[in-house]
1. Assuming R0 = 25 Å, can you tell me the calculated FRET efficiency for the pair ARG333 and GLU232, based on Cβ-Cβ distance, to the nearest 0.05?
2. Beta carbons within 10 angstrom, averaged per residue: use that to sort the peptides 39-45, 137-143, 367-373, highest first.
3. Using alpha carbon centroids, what distance separates region 260-317 and region 1-34, in Å?
4. To the nearest 10 square angstrom, how much accessible area does ASP342 have with a 1.4 angstrom probe?
5. Work out which helices of the chain, taken as complete DSSP H runs, extend at least 27 Å along their axis over the Cα atoms and score a mean Kyte-Doolittle of -0.5 or more, then list them.
6. Which of rounded, prolate, oblate describes region 53-305, given a ≥ b ≥ c as roots of the alpha-carbon gyration tensor eigenvalues and a/c under 1.5 marking rounded, otherwise prolate only if a/b is larger than b/c?
7. Quick check: from the Cα gyration tensor, does region 365-407 come out rounded (a/c under 1.5), prolate or oblate?
8. Please state the relative contact order of the chain as a whole percent: Cα pairs under 8 Å, 6+ residues apart?
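The values are calculated or read from the model by the stated rules, or taken from the named source; none is laboratory data. This is a predicted model, so every value here is computed, not measured. Here the Cβ positions follow ideal geometry from the backbone for every residue, glycine too, while neighbour counts run over all protein chains shown. To get the accessible areas, we keep the full protein, side chains included, count just its heavy atoms, and leave off ligands, DNA and RNA. Shrake-Rupley method; radii C 1.70, N 1.55, O 1.52, S 1.80 Å.
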Amino acid sequence: MIRINEHYTKLKASYLFADIAKRVSAYVAANPSKPVIRLGIGDVTEPLPPVCIEALHAATDEMARRETFKGYGPEQGYAFLREAVVQHEFAPRGCHVEADEVFISDGSKCDCGNLQEIFSTDLRLAIPDPVYPVYVDTNVMAGRTGANVEGRYAGITYLDSTPANGYVPAVPTTPADLIYLCFPNNPTGAVATRAQLAAWVAYAKQHRAIILFDAAYEAYIRDPQIPHSIYEIEGARDVAIEFRSYSKIAGFTGTRCAYLVVPKTLQAYDAAGQPHSVHALWNRRHSTKFNGVAYPIQRAAAAIYTPAGQQQTRALTDFYLGNARLIREAVTRLGLSCVGGDNAPYVWVNTGLDSWAFFDRLLQQAQVVCTPGAGFGRCGEGHVRISAFNSRANVEQALARIAAALA
Ligand code: MLT
């Protein structure tokens with residue numbers, strides 16, 4: 001008799017953004033004359049930068065000619081992109097990252113979901129709350145947690161991110177083996193200082209733990225004091241893996257390209273305490289289960305590292321940050337406190353009200369979709385996340401509607 005992975009039965013029935021999409025579709029079906037503006041899921045709206053379009057066309061032409069056609073590429077990604085990543089993302093910040101430590105993939109969601117499988121199922125997890133739901137759900141699927149009791153899984157050390165700590169949790173007093181961190185943060189938009197990240201690196205060293213550092217939103221950092229990469233912190237090569245994505249910097253949510261940095265100095269241990277190379281384990285997993293990102297997509301990603309590409313992607317992130325500023329200002333005028341939006345494309349609004357009820361109110365009365373904070377964890381209750389990813393006209397209209405609805 002075929003049996004299921006029973007750990008799946010511990011999960012909430014559906015994924016947060018699928019849940020929201022279902023509610024919004026039901027509302028749209030019942031109210032076809034009321035156009036909805038989506039500031040919920042962080043999906044980009046502006047077209048790909050022109051350099052990426054040109055690179056896609058050129059690479060497609062290469063695929064059309066026998067002499068330049070490409071079949072399977074290297075699973076880890078083409079050298080031209082891995083080298084460009086090192087040269088443009090890490091070397092200028094003084095980070096030691098080597099090209100063969102960069103693994104090109106089809107998205108950070110997949111990377112965060114997949115990476116955990118090279119580690120033991122009985123390790124101790126530390127995960128922030130609120131948090132991108134993929135970190136928790138994939139560990140539940142893998143069997144690393146107990147049941148969900150009142151919104152929290154047994155077996156996870158939750159790192160509470162609250163107004164009291166500025167939404168940046170301190171290191172816990174108990175040991176953990178695998179730690180998830182995301183800065184600039186999804187959903188709160190908070191950023192971590194060098195000293196805060198240094199404390200995490202020291203903690204990971206002390207406990208021979210590994211930090212999974214999600215830097216998918218680093219291109220939105222404007223404060224020059226804030227680190228963009230965990231490898232800006234001394235010693236991080238020995239304790240951290242970093243996720244990066246082209247989704248939010250270059251509009252690749254539908255195009256799909258991201259990468260993971262796994263330093264060759266990183267070690268994890270077997271039951272006998274013997275060290276193993278995490279890079280070798282991940283390389284084994286990646287080359288067994290993944291066949292690489294399409295050549296034209298990798299060419300499009302590499303195009304952002306040209307001088308024109310750098311200008312165009314900066315303009316794109318500046319544009320969304322302009323939306324975020326308008327959101328912050330409008331929310332503040334309504335007398336609500338908020339964080340984020342200055343170094344991140346998300347504004348985290350402290351409404352003090354039930355977050356799903358607030359979500360419903362904005363949907364029904366303003367036809368605006370936000371994301372209820374409770375969907376990101378217990379500490380998200382009382383908050384909603386408003387995304388800056390939309391056209392300027394839609395953001396302005398959404399803010400006018402919200403102001404009218406909450407007046
Ligand atoms: C979000 O809205 O949190 C993000 O779009 C999720 C993602 O990048 O997968």
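1. Working: r = 36 Å, r/R0 = 1.44.
The formula returns an efficiency of 0.10 here.
2. Working: 39-45: 20.4, 137-143: 18.4, 367-373: 24.4.
The packing order, highest mean first, is 367-373, 39-45, 137-143.
3. Taking the Cα centre of region 1-34 as reference, the centre of region 260-317 is 31 Å away.
4. 80 Å²
5. Values: long enough: 307-333 (39 Å, -0.54).
Membrane-span-like by this rule: not one helix.
6. On the way: a/c = 1.77, a/b = 1.53, b/c = 1.16.
The shape class here is prolate.
7. Values: a/c = 3.31, a/b = 1.66, b/c = 1.99.
Judged from the Cα gyration tensor, region 365-407 comes out oblate (a/c at least 1.5, b/c at or above a/b).
8. On the way: 770 pairs, mean separation 92.9, N = 407.
With pairs under 8 Å counted, the relative contact order is 23 percent.
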